[in-house]
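The values are calculated or read from the model by the stated rules, or taken from the named source; none is laboratory data. Quantities reported herein were computed from a predicted structural model and do not represent experimental measurements. Neighbour counts are summed over all protein chains in view; Cβ atoms, including those assigned to glycine, are modelled from backbone coordinates with ideal geometry.
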Amino acid sequence: MVAVKKWKENVTVVDLAGACTFNAMFFTFALMDYSADLWVHGSDARMPFLVEYFTWRGDAPVISKMLMVLLLPLPLIIIGMALAALQSIFCWRHASLTRHAVDCAEAAGICSILYVVIMRAIPLQSTFVESCPGRSKQQKSDCSATLAVMTEVHLILVLLNVLMFVCPIAKYAFGNVASAKTPEKSK
């Protein structure tokens, strides 16, 4: 007897709504950080704003607590995305080519976001907050250099969050189109 591969489950409207809400929130946070960086590039007098902004972002009383609760299921979400990508890579399940590509892109996107946030964004923001409040001439050039790198990192996060927003929409829109075209065997 030949084992028949199952089709991947199609994305439900509820899953789509949850993913879009979650991704829209993180896209908004990334866009706010990037916008603040760009605004400060216009004037050195605005540097103290960015120091205060990142201090607030680290200590935001309501948002930080809300994020802690929302990020609790993150390990399970990552495992689910990794499993979907592995199913695509090793052909464990049937799906349309678009679905396979999106599952792999989504897993790569979430891993990239975590890496960039943990290894680049947080350390850069901490360095900026610590070294930029009372600026000597040397600190001023160091702050400008840190700001330039931080702006690039925040742009990368904006683009990765756009990817994460589009992935569930593509999975919902294109899903397993091939499964609908496969005729059922008559009994």
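As an exercise: evaluate Ser35 against (1) exposed (fewer than 14 other Cβ atoms within 10 Å of the Cβ); (2) over 18 Å from Ala105 (Cα atoms); (3) under 16 Å from the mean Cα position of the chain (by Cα) and give the number of the one condition it does not meet.
For Ser35, the exception is condition (3).
Checking the structure you have, find out if any residue of region 56-77 is assigned to a helix (DSSP H, G or I) and closer than 30 Å to Ala3 by Cβ.
Applying the first criterion (assigned to a helix (DSSP H, G or I)) to region 56-77 yields 56-59, 61-70, 74-77.
With closer than 30 Å to Ala3 by Cβ added as a condition, the list becomes 76-77.
Yes: region 56-77 contains one or more residues that are assigned to a helix (DSSP H, G or I) and closer than 30 Å to Ala3 by Cβ.
If you go through region 146-187 one residue at a time, how many are under 15 Å from Asp103 (Cα atoms), at pLDDT 90 or above and either among the acidic types (Asp, Glu) or in contact with a strand residue (DSSP E or B) (Cβ under 6 Å, 6 or more places away or on another chain) (or both)?
Count: 0.
Do the conditions hold for Val102, that is, is it within 28 Å of His41 (Cα to Cα) and not charged (D, E, K, R)?
Criteria not met by Val102.
Which ones in region 36-51 are part of a helix (DSSP H, G or I) and out of contact with any helix residue (DSSP H, G or I) (no Cβ under 9 Å at 6 or more places or on another chain)? Walk me through how you get there before you give the answer.
Here is the first cut: in region 36-51, the ones part of a helix (DSSP H, G or I) are 36-41, 44-51.
Residues satisfying the conditions are Ala45, Pro48.
Return the total of residues in region 41-55 being closer than 30 Å to Leu74 by Cβ and in contact (Cβ under 8 Å) with a residue 40 or more places away in the chain. Walk me through how you get there before you give the answer.
Going through region 41-55, the residues closer than 30 Å to Leu74 by Cβ turn out to be 50-55.
Among the residues that remain, those that are also in contact (Cβ under 8 Å) with a residue 40 or more places away in the chain are: 50-51, 54-55.
Total satisfying the criteria: 4.
Can you name the residue in region 82-109 that is touching a Cys at 6+ places or on another chain (Cβ under 9 Å) and among the hydrophobic types (A, V, I, L, M, F, W, C) and is also surrounded by the fewest Cβ atoms within 10 Å (Cβ to Cβ) among such residues?
Ile89
Does Ser96 satisfy the condition of being out of contact with any Asp or Glu (no Cβ under 6 Å at 6 or more places or on another chain), of a type in the set (Ser, Thr, Tyr) and within 27 Å of Val149 (Cβ to Cβ)?
Numbers: out of contact with any Asp or Glu (no Cβ under 6 Å at 6 or more places or on another chain): yes; of a type in the set (Ser, Thr, Tyr): yes; within 27 Å of Val149 (Cβ to Cβ): no.
No.
Can you confirm whether Cys104 is assigned to a helix (DSSP H, G or I), within 26 Å of Trp7 (Cβ to Cβ) and either within 19 Å of the chain's Cα centre (by Cα) or modelled with pLDDT under 95 (or both)?
Spelling it out, Cys104 is indeed assigned to a helix (DSSP H, G or I), within 26 Å of Trp7 (Cβ to Cβ) and either within 19 Å of the chain's Cα centre (by Cα) or modelled with pLDDT under 95 (or both).
Restricting the search to region 110-164, which residues are in contact (Cβ under 8 Å) with a residue 40 or more places away in the chain and outside any helix (DSSP H, G or I)?
Cys132, Pro133, Arg135
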